[in-house]
Amino acid sequence: MTSNEAATPAGAAAASDTGAGTEGPLPFDTSVAHQARVYDYLLGGKDNYAVDRAWAQATLEIWPGMAFTARANRAFLGRAVRYLAGEAGIRQFLDIGTGIPTAGNTHQVAQEIAPESRVVYTDYDPVVLAHARALLTSSEAGATDYIDADLRDTGNILTKAAQLLDFTKPVAVTLLLILPAIPDSDDPHAIVARLMDAVPSGSYLVITHGGSDLIEQQQRQNLDRSWSGKIQQQLTWRTHEQVARFFEGTDLVEPGLVPVEEWRQQPASGNADKSALWAAVGRKR
Ligand SMILES: C[S@@+](CC[C@H](N)C(=O)[O-])C[C@H]1O[C@@H](n2cnc3c(N)ncnc32)[C@H](O)[C@@H]1O
């Protein structure tokens, strides 16, 4: 990821050469790593290419904590969706930046608690689109849909999502590990505000995001150098304060904006590993 605290790293310029920053579905490209395929590799999936594995291995040499960070993010998805479908009583989900389907997709977790849950998935990677059928396996009482779109094409996503979701009733908008792929030049805060403007009071916002203040500066600079031109997305680290700003207009559910592994973690997990991700769930006022 690039940090917007530091001077623009070499990776940012090289990434835009590969198409990052251009709105629209991604091309299928095996000459550079893709975020969705790298994440799949880190979670033990098979939908990745040599270029994704090489990127992951080079990154793990600099930042061995990346593997734990990916697993902790996916575990958080389960805890957050269980909280929303259970305690919070949410029945509608808009999951943007879905990733390649794996165990515990949003609709599976939600429908285990509330079979009538409706879930709309959105991603812009052609490999996710190719596997979208695995996301369209709703319970009979509920429903799922898939939109092939770029988060920055926000109006289009909202229009299509409204075919399945009732925007007069609360919706949980989940943006897990997608906002790092939206550079400041595309104003991610305005995109999140637009999404949250479209849903009523009592809706929820869920975000995980790489924290520039959760990783050593030298390590981050080494990563930015190593990533230069090797991954499709231009990845941006953000501080606790910058991530907190996404939640303006919401009240954070306890324990607030914390490292992802600390959010309502099972007390007995006993794991001392540390991620580099901030995570929170906010309820719209
Ligand atoms: C690291 S994966 C996270 C998957 C899932 N949300 C999770 O947390 O388990 C990030 C996903 O966001 C998608 N993504 C990144 N930028 C995007 C954009 N501008 N529009 C739509 N999807 C995007 C990538 O293709 C990838 O599948």
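Quick test for you: out of 224, 166, pick the one residue that is more than 14 Å from the ligand (Cβ to nearest atom), in contact (Cβ under 8 Å) with a residue 60 or more places away in the chain and assigned to a helix (DSSP H, G or I).
Going through 224, 166 in turn, just one is more than 14 Å from the ligand (Cβ to nearest atom), in contact (Cβ under 8 Å) with a residue 60 or more places away in the chain and assigned to a helix (DSSP H, G or I): 224.
Of the residues making up the stretch 173-189, those that are under 17 Å from residue 123 (Cβ atoms), more than 8 Å from the chain's Cα centre (by Cα) and not in a helix (DSSP H, G or I) are 173, 182.
So which of 144, 102 is more than 9 Å from the ligand (Cβ to nearest atom) and not in a helix (DSSP H, G or I)? If you could, list the steps in order and put the result at the bottom.
Numbers: 102 fails: more than 9 Å from the ligand (Cβ to nearest atom).
Residue meeting the stated conditions: 144.
Take residue 84 and decide whether it is more than 10 Å from the ligand (Cβ to nearest atom), buried (at least 21 other Cβ atoms within 10 Å of the Cβ) and more than 15 Å from the chain's Cα centre (by Cα). Here the answer is yes, as residue 84 does meet what is asked.
Is it true that some residue in the stretch 213-220 is away from the ligand (no atom under 14 Å from the Cβ), among the aliphatic types (A, V, I, L, M), touching a residue at least 24 places away in the same chain (Cβ under 8 Å) and crowded, with 21+ Cβ neighbours inside 10 Å? Steps first, answer last, please.
Let us first name the residues in the stretch 213-220 that are away from the ligand (no atom under 14 Å from the Cβ), namely 213-220.
Filter once more, so that each one left must be among the aliphatic types (A, V, I, L, M): 214-215.
Subset that is touching a residue at least 24 places away in the same chain (Cβ under 8 Å): 214-215.
Filter again for crowded, with 21+ Cβ neighbours inside 10 Å, leaving 215.
Among the residues of the stretch 213-220, at least one is away from the ligand (no atom under 14 Å from the Cβ), among the aliphatic types (A, V, I, L, M), touching a residue at least 24 places away in the same chain (Cβ under 8 Å) and crowded, with 21+ Cβ neighbours inside 10 Å, which makes the answer yes.
Taking every residue in the stretch 127-140 that is over 15 Å from residue 34 (Cα atoms) and hydrophobic (A, V, I, L, M, F, W, C) and pairing it with any residue that is within 11 Å of the ligand (Cβ to nearest atom) and in a loop (DSSP other than H, G, I, E, B), at least 6 positions away or on another chain, the pairs with Cβ-Cβ distances below 8 Å are 132/101; 134/101; 134/105; 135/98; 135/101; 135/105.
Readers should treat all values here as calculations from the given coordinates under stated rules, not as data from a laboratory. In this text the structure is predicted, and so the values were computed from the model without any measurement. No Cβ is skipped: glycine too gets one built from the backbone with ideal geometry, and neighbour counts run over all protein chains shown.
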